[in-house]
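Just below is one structure, and these are the notes that go with it.
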Amino acid sequence: MKGRPTLWLPGTDHAGIATQLVVERMLASEGIKRVELGREEFTKRVWEWKEKYGGTITNQIRRLGASCDWTREHFTLDEQLSRAVIEAFIKLHEKGLIYQGSYMVNWSPNLQTAVSDLEVEYSEEPGSLYHIKYRVAGGSRSDFLTIATTRPETLFGDTAIAVNPEDERYAKYIGKSAIVPMTFGRHVPIIADKYVDKDFGTGVLKISPGHDHNDYLLARKLGLPILNVMNKDGTLNEVAGLYNGLDRFEARKKLWAELEETGLGVKKEAHTSRVPRSQRGGEIIEPLVSKQWFVTMEPLAEKALEAVKKGELTIMPERFEKIYNHWLSNIKDWCISRQLWWGHRIPVWYIVGKDCEEDYIVAKNEDEALKKAQKKYGKNVEIYQDPDVLDTWFSSSLWPFSTLGWPDVSSEDFKHFYPTSVLETGHDILFFWVARMVMMGIEFTGSVPFTHVYLHGLIRDSQGRKMSKSLGNVIDPLDTIKEFGTDALRFTLALGTVGQDLNLSTERLTSNKAFTNKLWNAGKFVLQNLPNRSDESAWERLLAHKFDKEEYLLTLPLPECWVVSKLHVLIDAVTTSYDKYFYNDVAREIYEFFWGEFADWYIEASKAHLYQSENEAVSSTSQAVLLYVYENILKILHPFMPFVTEELWQALPNRKEALIISPWPLPSLPRNLTSIKRFENLQALTRAIRNARAEYSVEPAKRISANIVANPDVIQYISKEKDVLALLSRLDTQSIHFTDSPPEDANQCVHLVAGEGLEAYLPLADMVDISAEVQRLSKRLLKMQNEYDGLLARLSSPNFVEKAPEDVVRGVREKASEAEEKLNLTKTRLSFLQSTILVSE
């Protein structure tokens, strides 16, 4: 709308772990296992699943009105993006930033793949702490160390026992050996290390480097051996001796029972611990030492940190910059290999009969790999590809440039649109995706992939809970659209504060559906009050109005000058807010102007000029203002509510182009602050009269008299809008008097102060039957007094105040206070009415 060439590029990633998990479950329901199908057939089944269900997300996005360029839609396993992935891997490997090695990773036994640190969620869960005796080799029966552990099954992988060097209880055992229970007498050294917390458990720590991240780091520091006791499926291996083949949790139960039998199991107590679970499958993650591919992150992270420091990249809201900086400053190397079949196969080939870690070839494809292998090992060489695939986030990290044609930097899209302007995403994937895109963008293109990152919050249910299938609180946007409409849903989401989670409630959606209906009804009103399309002269007069000229603005009647001025102020405010990404401010400002000023005030005021004025020029001006303000409201609201605004725009006469490409309203258009202040005075007067009518229960259709008292300047502009005031306040036009002093019968009138120097006197006899009102109020006063006395009686009873719940007593006190206030107001009004009767007599 601002006339700039704009690309919003849509697409999806292949969601390696999640997709494979879903398809494996689907096959399991048919009684089929992945391994039985084989890699090729399984991958074919996943593609079939993707064709059937993969469009669900994009269909929701389309229905939500995302104005993407759908002709450029991409998928991370597309040919173009796959080429970019291989290129990126090769370049990083050539620079020595990709390496292979056996290190501790987070292992998912069900999926049988490594998962990244970011894909592990820790939860506080009830469990047990097992106290086990480790006898000291060569000592007496009283020489033993008791160890407290939450995972006794890992003791088969113990390679040392550690105590704190300052712990006097165990000083005599340092340097000796302990016998690992149930291992037929295997000895491990007893060592001292400050890492051991002497106040946790028994102050003795078993070191199982193959099954604990901290133990692994300690073992590497101290040069201890690393023993793995677990198979990839979560069962114990041959290192566990008699427990070989048992599931890890079964082994735990059996081992504990046998430890108790042999007197080595001291006690088992309830204990809450942090349990690592897979974000995807929900199963308990097993720390395992495994051969994987890694990316060295530190040099990449340094440049990404520098980009924010230099102001090349802005993250909104600003508080997330600290989180981004903290993570990149403490980054670990990224494990990029996954033991899956769905994804980008790692472009590495091994030589049959050679050591995999020493002899491998990185190439773009098998033909290139074979040529390289033949050159190095001879023509009869045999090669095979690494079976692993790359982490989905590896391909996603290339998204801003791979989708624009990279590695072909001469492609038109890459030249026109890279680097991009804005990334909009959820705050929960700041590390998974955003930081990685920044690192890869700088590494491969020399510049940040975008200048601004806008992080939205997560959508939660009305109680603030995260949506989950187990809670049954997942909201399908298509169901919400069916009930409330797309525009109401979009507007509700956009009213959320940047970076803060949003509780999606039926009340909010209902309110914004009402806003959509109000917009539609206002459109109907505007259309009904425009000249006939065939009336050329009327349209010539209407289109001749120049609202962008200050001198013209000053010739408009007060309501018209006010609403156009307010619109011009609004255009500047929302344009600035849009530019600063303050979308919730934009939504609120438009909502308040449209409903609170245009619909509630100007549309009502315009009826006086449209229906009651005999001056054709005045009614033509009102028509022009209605059209001008309304079409500009549609423009500034269009990014929020594309469907209803486009539909209404197309219904307006003389539309030459779609709203989505119509020019954005110009900034700094003229506004008259004096007119704004004057109309606000008229509004204050109207509100005061309306409130008085409501207070005295005047019938809505009844027209009443009014004496408007003000200084000559105010009288001059208020009296010009006599018809508008009469229409808005339900006054009798013939009985409105403008004067600079109170009327003679002021003591028989309701006196209203609308503002400084602007008052009104409403004759009471015009509004109510005074005698009947006195009778009604007297009865009401009696009832109110009885209710108030009853509340006071309860509060003066010590029995009630001392024994009733605190919130009940507080509620009664609040009711008593409210009742007293109403009682005093009714007494004052009754007294005033009675004095009026006396004066008239």
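The values are calculated or read from the model by the stated rules, or taken from the named source; none is laboratory data. Values in this document were obtained by computation on a predicted structure and should not be read as measured data. Backbone-built Cβ (ideal geometry, glycine too); neighbour counts: all protein chains shown. Note: areas computed on protein heavy atoms with side chains; ligands, DNA, RNA excluded. Shrake-Rupley method; radii C 1.70, N 1.55, O 1.52, S 1.80 Å.
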For this session: Just tell me which lysines come within less than 26 Å, Cα to Cα, of LYS310; anything on the same chain fewer than 8 places away is out.
Result: LYS95, LYS322, LYS332, LYS415, LYS580
Problem set entry | Relative contact order of the stretch 217-272, pairs being alpha-carbon contacts under 8 Å that are 6 or more residues apart, as % | 16
Problem set entry | Order by protection proxy (mean Cβ within 10 Å, highest first), peptides 559-566, 805-812 | 559-566, 805-812
Problem set entry | With DNA, RNA and ligands ignored, accessible area of ASP713 (1.4 Å probe; Å², nearest 10) | 110
Problem set entry | Exposure of VAL295 as accessible area (Å², to 10), given a probe of 1.4 Å and all protein chains | 0
Exercise. Where both residues lie in the stretch 147-299, what percent of DSSP beta bridges are antiparallel, nearest 5?
Worked result: 75
Problem set entry | Long-range amide H partners of ARG460 with built H, under 5 Å | LEU502, ASN503, LEU504
For this session: With a 10 Å radius around each residue's Cβ, average the other Cβ atoms per peptide and rank 333-341, 241-249, highest first.
Result: 333-341, 241-249
Seminar exercise, completed: In this structure, the FRET efficiency calculated for TRP8 and SER140 from their beta-carbon separation, with R0 = 60 Å, to the nearest 0.05, is 0.20
Seminar exercise, completed: If one compares the long axis through the Cα atoms of helix 366-377 with the longest principal axis of the Cα atoms of the chain, the angle in degrees, nearest 10, works out at 30
Seminar exercise, completed: Non-local residues with an amide H under 5 Å from the amide H of VAL750, with H modelled 1.01 Å from N and Pro and chain starts lacking one, are LEU762, LEU764
For this session: Heads up, I need the accessible area for GLU302: 1.4 angstrom probe, whole protein in place, Å², nearest 10.
Result: 110
For this session: Mind checking the full-extension length gain between VAL35 and TYR578? Use 0.36 nm per residue of separation minus the Cα-Cα distance, one decimal, nm.
Result: 190.2 nm
Seminar exercise, completed: Here, GLU51 and GLU483, labelled 7 Å along Cα→Cβ, have an inter-label distance in nm of 3.6
Exercise. In percent, what relative contact order does the stretch 1-101 have, based on Cα pairs under 8 Å that are 6 or more apart in sequence?
Worked result: 44
For this session: Could you work out how far helix 39-53 tilts from the main Cα principal axis of the chain, as a 0 to 90 degree angle to the nearest 10?
Result: 10
Problem set entry | Within the accessible area of the stretch 699-742 (1.4 Å probe), percent carbon and sulfur | 46
For this session: Specify the angular offset, from 0 to 90 degrees and rounded to the nearest 10, of the alpha carbon long axis of helix 436-445 from the longest principal axis of the alpha carbons in the chain.
Result: 80
Exercise. For Rg and Dmax of the Cα atoms in Å, the choices are (i) 36.9, 137; (ii) 38.5, 126; (iii) 31.2, 94; which was calculated from the structure?
Worked result: (ii)
Problem set entry | Mean Cβ neighbour count within 10 Å, used as a protection proxy, ranking 399-405, 171-177 highest first | 399-405, 171-177
For this session: Considering only DSSP beta bridges where both residues belong to the chain, give the percentage that are antiparallel (nearest 5).
Result: 75
For this session: Can you tell me the relative contact order of the chain? Whole percent, Cα pairs under 8 Å, sequence separation 6 or more.
Result: 9
For this session: Work out, step by step, the length gained on full extension between LYS364 and HIS187: first 0.36 nm times the residue separation, then minus their alpha carbon distance; give nm to one decimal.
Result: 58.8 nm
Exercise. Hey, which lysines would be in cross-link range of LYS783, C-alpha to C-alpha under 21 Å, not counting anything within fewer than 8 residues on its own chain?
Worked result: LYS815, LYS822, LYS827
Seminar exercise, completed: Between TYR134 and residues 5 or more places away or on another chain, the pairs with built amide H atoms under 5 Å apart involve LEU145, THR146, ILE147
For this session: Any lysines with Cα under 26 Å of the LYS379 Cα? List them, leaving off those in the same chain fewer than 8 positions away.
Result: LYS354, LYS364, LYS371
For this session: Tabulate in residue order the Karplus-calculated ³J(HN,Hα) for the stretch 223-240, using 6.51 cos²θ - 1.76 cosθ + 1.60 with θ = phi - 60°, rounded to whole Hz; enter x for Gly and Pro.
Result: x, 7, x, 10, 10, 9, 10, 10, 7, 5, 8, x, 9, 7, 9, 4, 4, 7
